[in-house]
1. Among ASP181, ASP31, which comes first, then next, by fewest other beta-carbon atoms within 10 Å?
2. Could you check the simple spin-label distance between GLU239 and THR312, using points 7 Å along Cα→Cβ, in nm with one decimal?
3. Arranged from highest to lowest average of other beta-carbon atoms within 10 Å per residue, in what order do the peptides 329-338, 120-129 appear?
4. Near ILE303, within a Cβ-to-Cβ distance under 12 Å, what is the net charge of the other residues, with Lys and Arg +1 and Asp and Glu -1?
5. At 0.36 nm per residue, minus the direct Cα-Cα distance, what do SER29 and TYR299 gain on full extension? Give it in nm, one decimal, please.
6. How big is D for the chain, in µm² s⁻¹ as a whole number, if Stokes-Einstein is applied with the Kirkwood radius of its Cα pairs at 25 °C and 0.890 mPa s?
7. For n ≥ 4 DSSP H runs only, could you compute -39500 (n - 2.57) per run for the chain, divide by its residues and tell me the 222 nm figure to the nearest 500?
8. ASP22 to MET224: FRET efficiency via 1/(1 + (r/R0)^6), r the Cβ-Cβ distance, R0 35 Å, to the nearest 0.05?
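Read the figures in this text as sums done on the coordinates, not as results from a lab. In this text, all values refer to a predicted model and were calculated from it rather than measured experimentally. Every residue, glycine as well, gets a Cβ built from its backbone with ideal geometry; the counts of neighbours run over all protein chains shown.
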Amino acid sequence: MPAPPCAARSKVTDIPVITTQDLTKVYRSRDGRETTALDGVGLHVREGEVYGVLGRSGAGKSTLIRCVNLLERPTSGTVTVDGRDLTALAGRGPRAGAELRRARTRIGMVFQHFNLLSSRTVRANVELPLEILGLTRRERERKALELLDLVGLADKARSYPAQLSGGQKQRVGIARALAGDPKVLLSDEATSALDPGTTRSVLQLLRDLNRQLGLTILLITHEMEVVKAVCDSAALMREGRITESGTVPELLATPGSELARELFPVAGQASGENRTVVDVTFHGETATEPVISRLARTYNVDIAVLGAAMDTVAGRQVGRMRIELPGPFEENVVPIGYLREQGLGIEIVRAPGAPEAEGTSGTAAGLLVRGGAR
């Protein structure tokens, strides 16, 4: 069995455990029409991290995660998991060959709707993959009980799925996914059918397993709260493509990041025509420093706070604030420079008199100039 629980955070290395290159999946209907679900997706998940893929329904998230373990065969591109090119093992037929099946035992999968067998007890559900692996009855029973204890359900071994809550069913699903001692755990919207309180407990379990077992976890979700709670890195998908990706701290520090705006939405309109509005991202040590009050004292400037949001992300305190400075942009160059020098992420939302920055795409309404932490 894996190592016992510990309080230490799982070490994230630079070793890629899941890599997709130019991954494409095209579905063809009987009348010849084609639908592109994945369009050249490149994904790099490092050893020991929890990686979240976000996107709305139809973005391609579920297709991506099913292509990672080749439950869906990609139309083109490659999938490498734990150093093995799974696409090279797939063969040409519709059924998985012996090599691919062996490689899949190192990949656990947790499903949205649990997929438990109602006629089997909780323990027997966990034992199912162990039967397929050929373990003896005694070995299956011992390991299943250890896994149920790991997910906090040791007392439910003789129960049936109908006797469990949604959260308990998902814990059984997680225990079953761990039966093959996987290196990688895939989670397909594992919390979307659960209430908020149960969602938090299941996410905490996933983070605990990441820490205790050194699991690399790839999860897909449409909920930003999932990223806040457990993810080290994240990617945003739209129309079959990854439009933005990186570690959560990097994304929060990137001016114009759509993920940062979604994670920490701030609102507020300028109080007058001649005002400069700035979005400020706090992370690391800056999250607890009185930077804004120092700015007001140092430059004798009146600062209005139009909106703010702060939370703990992956164990770090992070926040965003929308502030208003009096006067046009040229009168606020020095105060804005001061904020950048403090290591804050800066995004100019409204700046009368400012020249449009090179390469600015205008992803936020009224965005004129972008700046980043130095």
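1. ASP31, ASP181
2. 4.0 nm
3. Put in order of decreasing packing, that is 120-129, 329-338.
4. Taking every Cβ under 12 Å from that of ILE303, the sum is +2.
5. So the extension gain works out to 90.7 nm.
6. 108 µm²/s
7. -8500 deg cm²/dmol
8. 0.80
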